[in-house]
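Report on the structure given below.
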Amino acid sequence: MSTQRRLTEADLAEYLASVGIIPHGTAVRVEPAGAGNINWVRRVRSLGDGASWVVKQARPALERFPEYRAPTERAVFEARYFETAAPFDRDGVCIGVVFFDERERVLVLEDLGDAAPLSAALARGAASEVAAAACSLGAFLGAVHAGTRGQSLAGRFENDAMRRLHGDHIFHLPYRPNEFTLSPAVAARADALRQDTALIETIDAAYERYLRPEGALIHADVQPDNVLLTPRGPRLLDAEIAHVGDPAFDLGILVAYLVLAAVVHGDESCAPIGETWSAYTRAHGDRGLPQFRDVARYAGIELLRRTIGAARVEAVARDAVALDVIEAGLRWVRTPPAAPGRG
């Protein structure tokens with residue numbers, strides 16, 4: 001890739017005009033959009049007709065953590081994911097891609113305005129809203145996994161650097177010596193887990209499975225901050241870790257946050273896991289269907305890393321909650337249930 005043109009707020013209108021999205025000379029308002037942890041992301045609104053877009057540029061240094069670097073090709077894989085998933089996206093779950101500039105690693109996306117993330121609904125315990133979104137996501141993932149299984153897609157999704165960067169934070173770093181900021185109680189529990197040889201072997205085996213470039217096309221980051229809730233249903237964003245891999249991982253990440261919210265609210269039985277799994281299996285069909293125990297084990301590992309890893313979630317800020325989430329995660333890693341409601 002040649003030297004990348006780094007977009008700025010000052011020249012964003014000029015860039016959009018140069019690629020034919022707005023007329024030259026259009027007056028716009030530019031503002032930050034989303035968390036902007038990894039990419040440079042801005043909302044652009046035309047002051048004339050009010051039309052708006054979200055512009056996302058992948059740069060070598062991560063936006064919020066410039067000490068870390070990642071291949072800008074992640075934007076290519078993200079665009080390819082949405083393109084490849086489109087034929088299976090009957091309910092319009094994927095965010096709309098307006099334009100993709102492969103040279104400059106720029107995605108211009110539809111603007112979903114002030115749509116709230118699924119994480120907000122989980123935090124306030126909005127059971128019916130969460131269940132509806134989870135079932136839609138489950139059906140979407142089932143259709144994509146079934147539709148792409150066996151296709152020769154690995155060559156188009158050689159996203160190994162992002163897959164391993166993401167995987168290290170889930171399966172490896174929390175279980176090795178680190179300097180993550182944890183409370184004394186949680187740090188002591190994390191130290192004990194690192195001494196559990198059988199547990200580490202189980203998680204390492206799951207990591208090896210995750211790394212295999214076989215299975216189906218997976219999004220690989222179906223976590224609630226990457227899902228916006230709109231009047232038309234949930235919309236899935238941020239597919240820059242997309243690769244060909246284990247379908248159980250996609251669903252496992254989604255299920256982890258259903259369990260997490262249930263633990264936080266004190267009622268694990270209320271998580272709509274069975275409904276989500278049913279929606280997934282109906283859309284997927286029996287042929288090549290992942291085993292729920294594999295989904296559950298990935299979910300348990302995600303619960304652990306969100307509690308003792310670098311990317312802890314706000315929901316586990318209190319020690320009592322964090323320790324409960326760790327125990328829930330351990331149950332699903334050590335003895336994953338064969339079906340929802342059996343573990």
Check your understanding: Rounded to the nearest 20 Debye, what is the dipole magnitude of the chain about its Cα centre when Lys and Arg each give +1 and Asp and Glu each give -1 at the C-beta?
Key -> 240 debye
**Study point:** Difference of contour (0.36 nm per residue) and Cα-Cα distance, Arg164 to Ala61
**Key:** 35.4 nm
Exercise for review: With a Förster radius of 25 Å, plug the Cβ-Cβ distance of His265 and Arg69 into 1/(1 + (r/R0)^6) and report the FRET value to the nearest 0.05.
Suggested key: 0.05
Practice item. For Glu83, put the label point 7 Å out on the Cα→Cβ axis and report which residues of the stretch 211-253 keep their amide N under 19 Å from it. Key: 217-220, 237-245
Practice item. Just add up the charged neighbours of Pro23: K/R +1, D/E -1, any other residue whose Cβ is under 14 Å from the Cβ of Pro23. Key: -2
Review point. Can you work out the base-10 log of I(q)/I(0) for the stretch 12-110 at q = 0.10, 0.16, 0.21 1/Å, using the Debye formula on its C-alpha atoms alone?
Key: -0.29, -0.74, -1.13
**Study point:** Signed unit charges on C-beta, dipole axis of the stretch 12-110, positive-most listed residue Pro32, Gly48, Tyr81
**Key:** Pro32
Review point. So, with +1 on the Cβ of K and R and -1 on the Cβ of D and E, and no other charges, what is the size of the charge dipole of the stretch 63-194 about its Cα centre, to the nearest 20 debye?
Key: 580 debye
Practice item. Could you work out the Rg to Rh ratio of the chain, with Rh taken as the Kirkwood radius (inverse of the mean 1/r over all Cα pairs)? Key: 0.97
Review point. Can you sort Ser269, Ser46 by how many other beta carbons sit within 10 Å, fewest first?
Key: Ser269, Ser46
Revision key, fill the gap. Fewest-first ordering of Leu109, Leu211, Leu254 by Cβ atoms within 10 Å yields Leu211, Leu109, Leu254
Review point. Using alpha carbons only, how many degrees (0 to 90, rounded to 10) separate the axis of helix 273-284 from the longest principal axis of the chain?
Key: 60 degrees
Review point. Arg90 versus Ala188, label points 7 Å from Cα toward the beta carbon: distance in nm?
Key: 5.3 nm
Point to revise | Potential lengthening between Thr8 and Arg45 on full extension [0.36 nm per residue; Cα-Cα distance subtracted] | key: 11.8 nm
Study note, to complete from the structure: Among Pro213, Asn226, His243, the residue whose Cα sits farthest towards the positive end of the charge dipole of the stretch 200-263 (+1 at Cβ of Lys and Arg, -1 at Cβ of Asp and Glu, taken about the Cα centre) is Asn226
Exercise for review: Quickly estimate the mean residue ellipticity at 222 nm for the chain, helices only: each DSSP H run with n ≥ 4 gives -39500 (n - 2.57), and the total goes over all residues, rounded to 500.
Suggested key: -13500 deg cm²/dmol
Check your understanding: Can you give the FRET efficiency for Thr197 and Ser18, using 1/(1 + (r/R0)^6), R0 = 56 Å, r = Cβ-Cβ distance, to the nearest 0.05?
Key -> 0.45
Check your understanding: Once both axes come from the Cα atoms, what is the angle between helix 127-148 and the longest principal axis of the chain, in degrees from 0 to 90, rounded to 10?
Key -> 80 degrees
Point to revise | Unit charges on C-beta of K, R, D, E only; dipole of the stretch 12-110, Debye | key: 240 debye
Review point. Picking from Pro290, Ile301, Val321, whose Cα lies most toward the positive end of the charge dipole for the stretch 193-343 (charges on Cβ: Lys, Arg +1; Asp, Glu -1)?
Key: Pro290
Check your understanding: What is the fewest-to-most order of Ile38, Ile273 by other Cβ atoms lying within 10 Å of their Cβ?
Key -> Ile38, Ile273
Check your understanding: With labels modelled as points extended 7 Å from the Cα through the Cβ direction, what inter-label distance (nm, one decimal) is found for Glu102 paired with Arg29?
Key -> 3.6 nm
Check your understanding: Where the centre of each part is set by its Cα atoms, how far does the stretch 22-97 sit from the stretch 120-139, in angstrom?
Key -> 24 Å
Study note, to complete from the structure: FRET efficiency (Ala154, Arg293; Cβ distance; R0 25 Å; to 0.05) is 0.50
Study note, to complete from the structure: Taking Cα atoms, the helix 319-334 axis meets the longest principal axis of the chain at an angle in degrees (rounded to 10) of 80 degrees
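Values in this text are rule-based calculations from the coordinates and carry no lab data. Quick caveat: nothing in here was measured; it's all calculated off a predicted structure. Cβ coordinates were reconstructed from backbone atoms using ideal geometry, including for glycine residues, and neighbour counts include every protein chain displayed.
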